[in-house]
Amino acid sequence: MKFRSEDRMIHPPSSIEQQSINHALRRVTFTGCTKYFDHLENFFAIFGSTIEYSSINIDLMYYIIDGKRLERELLHKMPCLSSLDLIIHSTATYCDPIDINTFQSSTWQKFNPIVYFHDSHAHEHTIFTIPYKSDRVRISFD
Amino acid sequence: MPKTQLLDLPNELFLFIFQYIKSSHLVQAFSQLQSPRIQALIQPFLYNLDISEETDQWIQTYLPDLFVQQTIIALRLQDKHLDVISKDLLSNNLQSIHILSSDWTTDLLKEGIDSLHQRLKRLSITFTYPHGKGDIASNLFQSNSQLEYLNVTGRFLYFDNHEINTCIRLTYLSIELEGMYRVFMLIEHLPNLEELKVNKNSSSFTFIRYYF
């Protein structure tokens, strides 16, 4: 039986966790919508060691993540990373705004600058690197 | 003063004109013309041939001879025409195919993939009807596959670990999956994969607008 739900995946298969897999991954792109950022974190924890370019363009449902967590769970898992394109958009009603200072570490300074938008009325939070390589974010000055 | 005939035009004018004509229309207009000069001139414009909008009658009329007379490196077509070309491909230089699949079922597609995966380097599949089956992974990931590039869009693929095999040649994969579970399975079977693009649940993807 094949489950057709993202909910099935809580952790990677145990066989993968327990053994190191030979892989040659250098460029990785994730797009789309997810409830589980920890699934992406699992991916980079296991396969991040060889990745040089990463692009993450996702809708993250119900919560937001700050620079410290991204640094710890993504950047530190990709020691060869030289280019990062990031767009994380969240609609999270009960979340406080994240602290932009969490993106001011020496690790983050190796990559493109980060912009953080918080629309308190719409409960929307968006983190993205500039120049952003997507037409998803549109900003109007009226 | 004698009238100028089409074949009186110099080569450079033909090359200029051919840039503005669809490859399949070039076939229709010129492929049966008994002129070695014209056949040589249209050849570069048929390396990438798009027949995805052509009728069954067009396919039956032009395609068999075309594979004999011309060198086609990349081909774009509908899945229902795969069975017409697969037997001709065995003696052809075709390296890349882009298949448009508009059917709910994947039976034709699976047969086509089975006959192609041992000789093609690049395969793209675009599902134009998103709500059908996504059960082609066992056909795509076979141990004797020669594919180096694989791009599947428009439909999620569903498979279990035992349904896919190790493909050592694949270096590029772009795929749509529901959740990350199958990403881990795939990488376990793709030891030389260098570039991976995963699209998850993009149907709920929204544009982000901020007004000031």
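The values are calculated or read from the model by the stated rules, or taken from the named source; none is laboratory data. Being a predicted model, the structure only gives us computed values, none of them experimental. Here Cβ is always computed from backbone atoms with ideal geometry, including for glycine, and neighbour counts include all displayed protein chains.
I'd like the full set of residues that are closer than 17 Å to A:Ala24 by Cα and facing chain A (nearest Cβ under 10 Å), limited to the range B:148-160.
none
Take the range A:23-59 and flag every residue that is facing chain B (nearest Cβ under 7 Å) and among the basic types (Lys, Arg).
Within the range A:23-59, A:Arg26, A:Arg27 qualify.
Give the residues of the range A:51-75 that are out of contact with any Cys (no Cβ under 6 Å at 6 or more places or on another chain) and closer than 20 Å to B:Glu194 by Cα, sorted by residue number.
Of everything in the range A:51-75, those that are out of contact with any Cys (no Cβ under 6 Å at 6 or more places or on another chain) and closer than 20 Å to B:Glu194 by Cα turn out to be A:Ile51, A:Tyr53, A:Ser54, A:Ser55, A:Ile56, A:Asn57, A:Leu74, A:Leu75.
Restrict the check to the range B:130-141 and report whether at least one residue is at pLDDT below 90, more than 16 Å from A:Ile21 (Cβ to Cβ) and touching a Gly at 6+ places or on another chain (Cβ under 8 Å).
Checked against the condition, which is being at pLDDT below 90, more than 16 Å from A:Ile21 (Cβ to Cβ) and touching a Gly at 6+ places or on another chain (Cβ under 8 Å), the range B:130-141 yields at least one hit.
On the basis of being surrounded by fewer than 22 Cβ atoms within 10 Å (Cβ to Cβ) and modelled with pLDDT under 95, does B:Tyr172 make the cut?
So B:Tyr172 does not fit the description; no.
Please give the strands (runs of 3 or more DSSP E) falling wholly within the range B:1-106 in which 2 or more residues are crowded, with 18+ Cβ neighbours inside 10 Å and at pLDDT 90 or above.
Details: elements: B:48-50, B:74-78, B:96-101.
Fully inside the range B:1-106 and qualifying: B:74-78, B:96-101.
Could you check the range B:147-177 and list, in sequence order, the residues that are of a type in the set (Phe, Trp, Tyr) and part of a strand (DSSP E or B)?
B:Tyr149, B:Tyr172
When you check B:Lys133 against the structure, is it part of a loop (DSSP other than H, G, I, E, B), at negative phi and among the basic types (Lys, Arg), yes or no?
The answer is yes for B:Lys133.
Every residue, every condition in (1) at pLDDT 95 or above; (2) within 9 Å of chain A (Cβ to nearest Cβ); (3) over 27 Å from A:Leu86 (Cα atoms); (4) surrounded by fewer than 22 Cβ atoms within 10 Å (Cβ to Cβ), yes or no:
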residue	(1), (2), (3), (4)
B:Gln146	no, no, yes, yes
B:His162	no, no, yes, yes
B:Val183	no, yes, no, no
B:Ser202	no, yes, no, yes
B:Thr206	no, yes, no, yes
